[in-house]
Amino acid sequence: MTLHGKSLIAGVPAETSARSFRAVSPLDSSELEPAFHECVAEDVNRALTHAEEAFPIYKKISAEDRAAFLEKIAEEILAIGDDLIQRAHLETGLPIDRLTGERGRTVGQLRLFAEVIREGSWVDARIDPALPDRKPLPRPDLRRMLRPLGPVVVFGSSNFPLAFSVAGGDTASALAAGNPVVVKAHRAHPGTSELVAGAIVRAVEKSGLPHGVFGMLHGAGSEIGIALVKHPFTRAAGFTGSRFAGRALFNAAAGRPDPIPVFAEMSSLNPLFILPGALRERGAQLVEGLKTSVTLGVGQFCTKPGLVFGLGGAEFESFAEKFAAAIRGAAPATMLHPGICKSFHEGLDAMHKVPGVVVLAESDTDAEPKRTQGEPTVFATDAENFLKHPALHEEVFGPYTLLVDALSYNDLQRIAHHLEGQLTATIHGTAEDLANAADLLAILERKAGRLIINGFPTGVEVSPAMNHGGPYPATTDERFTSVGTAAIQRFARPVCYQAFPGSALPPELADANPRGLMRLVNGKLTRDPLSA
């Protein structure tokens, strides 16, 4: 499948800039064809103008038509076939099996959101019928539901070139809610982005939708990214990446004359606490499980456990020794792109300079720079030193973790109090351990968006009950998730219709409840129509 290397604006390839770049394969540091043309400010304006023009039409199509559109995107992605997997492999170095699974997750998300909008109750319809005889004042008829925001900007993520990129969860949930989407493609996998964007464009055409429903732009992150969130037609943005970049977008959006939300997932160390009983009962299993979790995907998961806390004593010392041996036996592997690999090694260098921190183990096999490899590494320190040095609280994105030796439950609680916001927090323990750690768990509940008992945080199920978010700096808005069906709520806002005649109401709020939604009527959930 031939790539043209151009942005897509209202379904048309756009080449308005002489500036271009090429993807670099992390597998061997080679440059890949073709050259990709960077867009300019006028392209941003054109893409969002088309999106704004498409919005009044797209938001009014039926839920069935919108669901069918999402399913058509999934079909078109699958129709690309092996070309998509092969290009993603060249651009990211991720294994073929991993990318095949990620493609399955991507189309699965689209189909799941199709089911959500077909069923329809996500709109949170609420009806308080008029009470004209109420004393001392009558109550007017009030009906409320969630409505789409308008054009949404989505920033492709480097570590999930399919599931968190052009047609990933942010795009799927924004389209599901009824919003046009403009994607800023990630520069590390532009060919993959173009292939998926083409699939969405074909789905738009086959569904008979306005071409402005979707656009994709190539360009420099800081320049084009800021322009996208500042554009007056942009109503929200979704981002997954570094704290620095996410905060820059958040600040730009907050500084607008009309501030808009930026739902940014940015930084998380995903602390993991191992309690004494768990070490005694299953120390060997914990060693293997932690090693797998830290090195999975070369440590390039936002849920990788970057901090491991254990109570001091012979069991934890033995655990640390066995874990160190496991890390020494773990081989280096190719990271996503040279920039991430460089940042990983800079992070290791920074840890080397912190007083009271030692290298517990690193891979016995040397990393190959030409293959953009990162080597599994574990550092160690004690609780007092961890609390003393804020640098130890910084994320190192890659196959790294820090073991921290604590002396008491009180130490663990002090540490938990000092942690920043996290996506996840995990405790391994027996029933007795967990009873002793009740106060610790209460602290962690305020620090993380997902709490895990006797498991590992890597692996995020795409399901209605999943929460992938957390207090800052894990995300910029801890009330929402970027994974699971509740992600749709980020890109909708409540609208109340007061004293509307039935003919002017959306079908979701009509007396007859023609869609059979679960609605809150007079404070009670029901699918029944309103009685005459």
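What the table shows:
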quantity	calculated
Qualifying positions in the stretch 361-385 - under 16 Å from Leu348 (Cβ atoms) and part of a strand (DSSP E or B)	Ala361, Glu362, Gln373, Gly374, Thr377, Val378, Phe379, Ala380, Thr381
For Glu375: the one exception among (1) crowded, with 19+ Cβ neighbours inside 10 Å; (2) farther than 30 Å from Asp28 by Cβ; (3) of a type in the set (D, E, K, R)	(2)
Residue check for Gly459: touching a residue at least 24 places away in the same chain (Cβ under 8 Å), buried (at least 21 other Cβ atoms within 10 Å of the Cβ) and either more than 15 Å from the chain's Cα centre (by Cα) or outside the structural domain of Phe316 (by TED's automatic domain parsing) (or both)	no
Filter result for the condition that a residue is at pLDDT 95 or above, over 26 Å from Gly178 (Cα atoms), among the polar types (S, T, N, Q) and not assigned by TED's automatic domain parsing to the domain that holds Val404, over Asn522, Asn513	Asn522
One residue from Ala203, Ala172 being within 22 Å of Ala264 (Cβ to Cβ), in the same structural domain as Thr92 (by TED's automatic domain parsing) and surrounded by 21 or more Cβ atoms within 10 Å (Cβ to Cβ)	Ala172
Helices (runs of 4 or more DSSP H) completely within the stretch 215-300 that count 3 or more residues being within 14 Å of Phe155 (Cα to Cα) and hydrophobic (A, V, I, L, M, F, W, C)	221-230, 243-254
Failed criterion for Ser17 (all others in (1) within 28 Å of the chain's Cα centre (by Cα); (2) assigned to a loop (DSSP other than H, G, I, E, B) hold)	(1)
Criterion (surrounded by 14 or more Cβ atoms within 10 Å (Cβ to Cβ) and either in the same structural domain as Thr234 (by TED's automatic domain parsing) or modelled with pLDDT of 95 or more (or both)) met by exactly one of Glu71, Glu33	Glu71
Scan of the stretch 199-252 for residues that are free of Cβ contacts under 8 Å to residues at least 24 places away in the same chain and closer than 21 Å to Glu38 by Cα, ordered by number	Glu223
Qualifying residue in the stretch 299-315 (condition: surrounded by fewer than 21 Cβ atoms within 10 Å (Cβ to Cβ), under 23 Å from Ile415 (Cα atoms) and without any contact (Cβ under 8 Å) to a residue 24 or more places away in the chain)	yes
Some residue of the stretch 21-29 being under 30 Å from Glu368 (Cβ atoms), free of Cβ contacts under 8 Å to residues at least 24 places away in the same chain and part of a loop (DSSP other than H, G, I, E, B)	yes
Boolean, Pro180 is in contact with a Phe, Trp or Tyr (Cβ under 7 Å, 6 or more places away or on another chain), surrounded by fewer than 22 Cβ atoms within 10 Å (Cβ to Cβ) and closer than 18 Å to Ala10 by Cβ	no
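The values are calculated or read from the model by the stated rules, or taken from the named source; none is laboratory data. Note that the coordinates shown come from a computational prediction; the quantities given were computed from them, not determined experimentally. Virtual Cβ from ideal backbone geometry, glycine too; neighbours counted across all protein chains shown.
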